[in-house]
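The values are calculated or read from the model by the stated rules, or taken from the named source; none is laboratory data. Note that the coordinates shown come from a computational prediction; the quantities given were computed from them, not determined experimentally. Cβ: placed from backbone, ideal geometry, glycine included. Neighbour counts: every protein chain shown. To get the accessible areas, we keep the full protein, side chains included, count just its heavy atoms, and leave off ligands, DNA and RNA. Shrake-Rupley method; radii C 1.70, N 1.55, O 1.52, S 1.80 Å.
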Amino acid sequence: MAFQSTPKKNRNTLFVFLLLTVFSTTARSQVLISSGFEDATEPNPPAGWTVTTPNGTANWQSLYAEGGFGNSYEGEYCMYLAAAYNDDKSDAWLISPSFTAEAGKKYSISFYYKNQSNSANRFEITLGSDATPASQTEVISQFNFRDSRYVKAQINYTATSAGVKYLGIHCVTEHTLTYAYIDKFEIAAVSCFEPTNLKVTGIDTSSARAVWDAVSADAKYEYGISESATTPPTATTSTNNKEALITGLKSGTPHYLYVRARCDASTASTWAITKFGTAYNPAFFPVVNCGTKEI
């Protein structure tokens, strides 16, 4: 039988169908602001960003991590809270460039943060109508932290009003005793929120329990395990709950748990990711008797 090629019109239709199929199962988002602060000129922030401290001495500056060694999360630049060892109350503002919000629309706000040491800092995340602290009247998140390794802040925000907005990262530590660092900042308009407060507990040699916060009353979730922080799992499990028991894990092994929300059949969030390690199984350790020579 002679081979018959697909007509060009049908090939085009098939291509469009496959393209729509791929995108219908992925997260829908529109990135509005994305910055790793790589275009900063130390100590100034990148163009469009504002730093100010109406009170106190600690203030935000850009920092160059020469040769890749330093306190950036990725790349060679980050923002850090300079003059932060004075034990004074911080009032340090890092205010983003503007973006336009639509009332009722979902926005994913994320960045990575850490401290230089284990001392505590406190952030308020705010929104205002311009780049001045006086306008930053809508507090959308606030938290204390002691982390000396980078942690992702994920803030899911539904706009209460339309218009031009500026986001502020406001350090309000009562007694500032350590530097703080910010990197990999992003604001995106999304159709489905990423799960937040993802935690792994009850870890043993082959299982663990995962919990996270619900993104909505009717959302479903998909989760799976990967050996990489950049490659999602090839196999996932679906659940209507905001927790899961994960079994069949290798003992004494680092794992990456991936969880995403599915808001409907065609729309999923970005992945929430956390790393954990299973306990070692003592059965695999040899018993050495006292006085026995091991070769």
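Where the second residue is not in a loop (DSSP other than H, G, I, E, B) and the first is modelled with pLDDT under 95 and lies in the range 237-266, which pairs have Cβ atoms under 6 Å and are six or more apart or on separate chains?
Going by the 6 Å Cβ cut-off, the qualifying pairs are Ser266/Ser24.
I need a count of the residues in the range 158-173 that are within 29 Å of Asp264 (Cβ to Cβ) and surrounded by fewer than 20 Cβ atoms within 10 Å (Cβ to Cβ).
6
Would you check if Ile203 is assigned to a strand (DSSP E or B) and modelled with pLDDT of 95 or more?
Taking the combined requirement at face value, the residue does not satisfy it.
Consider the range 267-295. How many of its residues are within 24 Å of Thr201 (Cβ to Cβ), outside any loop (DSSP other than H, G, I, E, B) and modelled with pLDDT of 95 or more?
Adding up the residues that qualify gives 6.
Within the range 217-243, track down each residue that is in a loop (DSSP other than H, G, I, E, B) and under 26 Å from Tyr73 (Cα atoms).
Glu227, Ser228, Ala229, Thr230, Thr231, Pro232, Pro233
Inspect the range 174-192 for any residue being among the polar types (S, T, N, Q), open to solvent by less than 50 Å² (accessible area, probe 1.4 Å) and under 30 Å from Pro43 (Cα atoms) and give the result as yes or no.
The answer is yes; a qualifying residue exists.
Scan the range 71-125 residue by residue and report those that are open to solvent by 50 Å² or more (accessible area, probe 1.4 Å), of a type in the set (D, E, K, R), in contact with a strand residue (DSSP E or B) (Cβ under 8 Å, 6 or more places away or on another chain) and within 17 Å of Phe145 (Cα to Cα).
Arg122
Report yes if Thr196 is open to solvent by less than 20 Å² (accessible area, probe 1.4 Å) and at pLDDT 95 or above, otherwise no.
The answer is no for Thr196.
Please specify each residue of the range 206-216 satisfying the condition of being open to solvent by 30 Å² or more (accessible area, probe 1.4 Å) and not in a strand (DSSP E or B).
Answer for the range 206-216, where residues must be open to solvent by 30 Å² or more (accessible area, probe 1.4 Å) and not in a strand (DSSP E or B): Ser206, Ala214, Val215, Ser216.
Of the residues that sit in the range 245-273 and are touching a strand residue (DSSP E or B) at 6+ places or on another chain (Cβ under 7 Å) and farther than 16 Å from Glu194 by Cβ, which one is surrounded by the most Cβ atoms within 10 Å (Cβ to Cβ)?
Ile246
What residue, of Ala217, Ala188, is among the aliphatic types (A, V, I, L, M), out of contact with any strand residue (DSSP E or B) (no Cβ under 7 Å at 6 or more places or on another chain) and under 29 Å from Lys105 (Cα atoms)? Break it down into steps so the answer makes sense when it comes.
Working: Ala188 fails: out of contact with any strand residue (DSSP E or B) (no Cβ under 7 Å at 6 or more places or on another chain).
Ala217 is the lone residue from the list that is among the aliphatic types (A, V, I, L, M), out of contact with any strand residue (DSSP E or B) (no Cβ under 7 Å at 6 or more places or on another chain) and under 29 Å from Lys105 (Cα atoms).
I'm trying to understand the selection: among the residues of the range 224-235, which are more than 17 Å from Ile203 (Cα to Cα) and either surrounded by fewer than 17 Cβ atoms within 10 Å (Cβ to Cβ) or among the aromatic types (Phe, Trp, Tyr) (or both)?
The initial filter retains those residues of the range 224-235 that are more than 17 Å from Ile203 (Cα to Cα), namely 228-235.
If the condition is that a residue be more than 17 Å from Ile203 (Cα to Cα) and either surrounded by fewer than 17 Cβ atoms within 10 Å (Cβ to Cβ) or among the aromatic types (Phe, Trp, Tyr) (or both), then Ser228, Ala229, Thr230, Thr231, Pro232, Thr234, Ala235 are the ones that fit.
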